[in-house]
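Let me begin by presenting the structure, written as structure tokens, before commenting on it.
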Amino acid sequence: MTSGARSRESRLLIPRSVRRNWDLYLLIFPVVLYFVLLKYLPMYGIQLAFKDFSAVKGFWDSSWVGFKHFDRFFNNYQFWTLIRNTLGISFYQILVAFPLPIIFALLINEVQSQRFRKSVQSITFMPHFLSTVVLVGIVMAFLSPSTGLVNNIIVRLGGDPIYFMTEPSLFKSIYVFSDVWQNMGFASVLYVAVLAGVDKSLYEAAMIDGATKLQRLLHIAIPALIPTAIIMLIFQFGSIMDIGFEKIYLMQNDLNRSASSVISTYVYEIGLLGSQFSFSTAVGLFNSLINFILIIAVNQIAKRVSGTSLW
């Protein structure tokens, strides 16, 4: 077979759309490679959840034990504490941290001064770029019982210092509101962009008809945000069991552990520190299955109620 015939045969094997848009496929290739290498190939390790893994025997030769590790987790004395803390922080975060960026975007949209609007957005946007270690360090410095700004104010007002970071009842609030401070500005960017895309003639027509600012807010701005907000809410419920490990772990101590122990920190402690790889894999798989079920359920509910969904 000649080289020309071979090149013609290879062209026939490649679809015409791929040959025509080869540059676009080249751009998307690194993203596909990322998901294949870091998201799909690691699924190979899921089999550890059903085996008694031994580093000597390897993946294939380790003995199968079925649902032994799942039964062990369900019967663990920490099971309900982990579930309660994980869901408690997640729902608290949804109730507080989810609506605030929407409210902030609505308020920013009503500001007439472009300079003031950009200044406020920049100030609220910057904390997002702080690392988790720096953020937790700032929180601890502000809440320190001896030198913290908050306790200094409490003492000056005649109160006694509060040991915020060692009080289990305050842990969830500290976690959630520090997250609001860090991410509210960044989360509001999407909603601000949606509001910027609303046809200005709708506002003008409403003003001509005598609509007040509140009426324009209720009947134009908020309805424009609802589809985007529903999509973001579905994503929130899809990761409801995934509390950020780094921040929880850095804020955790022996005195607040009853409120700060969540599934992600438990997996780290038993998996990496305790070298119980099969058991930690089973716990992680259970966590992922719950998230998978929740995102499907919430997506279907949103689709039936509002007509907006991911698929």
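The values are calculated or read from the model by the stated rules, or taken from the named source; none is laboratory data. As the structure is a computational prediction, the values presented were derived from the model and not from experiment. So basically every Cβ, Gly included, is an ideal-geometry build from the backbone, and we count neighbours across all protein chains shown. To get the accessible areas, we keep the full protein, side chains included, count just its heavy atoms, and leave off ligands, DNA and RNA. Shrake-Rupley method; radii C 1.70, N 1.55, O 1.52, S 1.80 Å.
Numbers for the structure displayed
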quantity	calculated
Normalised contact order of the chain, rounded percent, pairs of Cα under 8 Å and 6 or more residues apart	24
15 Å beta-carbon shell around Leu294, net charge (K/R +1, D/E -1)	0
At least 24 Å along the helix axis (C-alpha) and Kyte average at least -1.0, DSSP helices within the chain	79-97, 168-196, 277-306
Cα-based reach from Lys68 at 25 Å (exclusive), listing lysines while leaving out same-chain residues under 8 positions away	Lys51, Lys57
Counted charge near Phe279, where neighbours are those whose Cβ lies closer than 10 Å (Asp, Glu -1; Lys, Arg +1)	+1
Read-out mean projected area of the Cα convex hull in nm², derived from the coordinates shown; its label in [x] 14.7; [y] 27.4; [z] 16.1	[y]
Reachable lysines from Lys247, criterion Cα separation under 16 angstrom, eight or more residues apart if same chain	Lys172
Within the range 29-48: backbone nitrogen closer than 12 Å to the Ala55 label point (7 Å, Cα to C-beta)	none
Calculated FRET value between Leu233 and Arg19, using beta carbons and R₀ = 51 Å, to 0.05	0.80
Qualifying lysines (Cα of each under 21 Å from Cα of Lys118; at least 8 residues distant if same chain)	Lys200
In nm, spacing of pseudo-spin labels at Arg216 and Ile301 (7 Å Cα→C-beta vector)	3.5
Potential lengthening between Ile154 and Gln78 on full extension [0.36 nm per residue; Cα-Cα distance subtracted]	23.8 nm
Å² of accessible area per residue within the chain, as computed with a 1.4 Å probe and no ligands counted	62
Of all accessible heavy-atom area on the chain, the percent that carbon and sulfur account for (1.4 Å)	68
Summed side-chain charge close to Gly66 - residues other than Gly66 whose Cβ falls under 14 Å, Lys, Arg +1, Asp, Glu -1	+1
For the range 23-94: rounded, prolate or oblate by the Cα gyration tensor [a/c cutoff 1.5]	oblate
Given charges at beta-carbon only (K, R positive; D, E negative), |dipole| of the chain in Debye	1020
Label-point gap, in nm, between Val120 and Phe91 - each point 7 angstrom along Cα→Cβ	3.3
Which of Leu195, Leu273, Ile174, positive extreme of dipole for the chain (C-beta unit charges)	Leu195
